[in-house]
1. Just order 89-98, 151-160 by mean Cβ neighbour count inside 10 Å, highest at the front, would you?
2. For the range 151-159, just list the computed ³J(HN,Hα) in residue order, Karplus coefficients 6.51, -1.76 and 1.60, θ = phi - 60°, integers in Hz, with x standing in for Gly and Pro.
3. Mind listing the phi-derived Karplus ³J(HN,Hα) values for the range 104-116, rounded to whole Hz, using 6.51, -1.76 and 1.60 with θ = phi - 60°, and x for any glycine or proline?
4. Spelling out what I want: for every residue of the range 176-191, take phi, set θ = phi - 60°, compute 6.51 cos²θ - 1.76 cosθ + 1.60 (Karplus), and round to whole Hz; glycine and proline get x.
5. Order 181-191, 125-135 from most to least packed using the mean count of other Cβ atoms within 10 Å.
6. Test of understanding: ordering Thr115, Thr123 by Cβ neighbours within 10 Å, fewest first, what list do you get?
7. Within 10 Å of each residue's Cβ, count the other Cβ atoms and sort Tyr77, Tyr201 from fewest upward.
8. Pull up all non-local amide H partners of Tyr171: gap of 5 or more, or a different chain, and H-to-H distance under 5 Å with H placed in the peptide plane.
Amino acid sequence: MDSVPHEKMPMNGENDAADATSAQSPGPVSAPRWGDWLPMIFAPVGLLVVAFLFVSSPLVFGALVLGMVMIGGACTYGVVAVIVITRRRIVIPRRMLTLTAGETAALPAIATFRTVPQRLTLTLNVALLINLVLVALFVWTQDGTAQVYGFGAFTEVAAIALIVTNARWAYPRRFIIGEHQALAERSGAWRIIRLNRVLSYIVWIAYIGVAAGLLAVPAMLA
């Protein structure tokens, strides 16, 4: 009689391990979507339009009031935000945290810099740095009072957008862990992640310095 080969039946432990592995695996990363890049294109344009409306309409008075309020709160909020974000980036990766299924599934996209909060943060960082350089050039080379008003309005709307975006990028633990893993393993888009973090610190510290200077000058002249 012909011998019939018998299939090797996996043990119960093997089945459990396979099920656990498949349950924890986030699966393959889908192809990038053009929609993920839309904030990179439309965010600066939209902010410029809003800033133009501020300085070319009666809303300019509201912009001035908002600017004074933001200058007063920028130092306190900026310093606290830098301290809290830095502490979370140091402490959270060292903890043995159990991520939810949704957080685990988001890690590949975070490691490859394919989420909207990451890209929008990078866009705003670059826009605010360019804005700061242009203000410095206008003030240094000529009487740029009118231009400073326009750049100030842009700073207001961009800073508000950056605060909202930071709430979705800099604080959640999934972004902290996903970016930390990419940086530690030098995998994914770790260079862009590092650049975005460095630019964020530069923007925070630079605008904290500007706000402190604007508060100090009137006090010195009084």
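1. With the highest mean Cβ count within 10 Å placed first, the list reads 151-160, 89-98.
2. Karplus-based 3J(HN,Hα) across the range 151-159 equals 5, x, 5, 4, 4, 4, 5, 5, 5 Hz.
3. 5, 5, 7, 4, x, 5, 5, 5, 9, 6, 10, 9, 5
4. Using θ = phi - 60°, the values come out as 5, 6, x, 6, 5, 5, 5, 5, 5, 8, 6, 10, x, 9, 5, 5 Hz.
5. Averaged packing, sorted descending, gives the order 125-135, 181-191.
6. On the way: Thr115 19, Thr123 23.
So the residues, fewest neighbours to most, are Thr115, Thr123.
7. Working: Tyr77 16, Tyr201 13.
With the fewest neighbours first, Tyr77, Tyr201 line up as Tyr201, Tyr77.
8. Those lying under 5 Å, H to H, from Tyr171: there are none.
Every read-out reported here was derived from the displayed coordinates using simple, explicitly stated rules and does not represent laboratory data. All values derive from a computational prediction rather than experimental measurement. Counting neighbours? That spans all protein chains shown, and the Cβs are built from the backbone with ideal geometry, glycine included.
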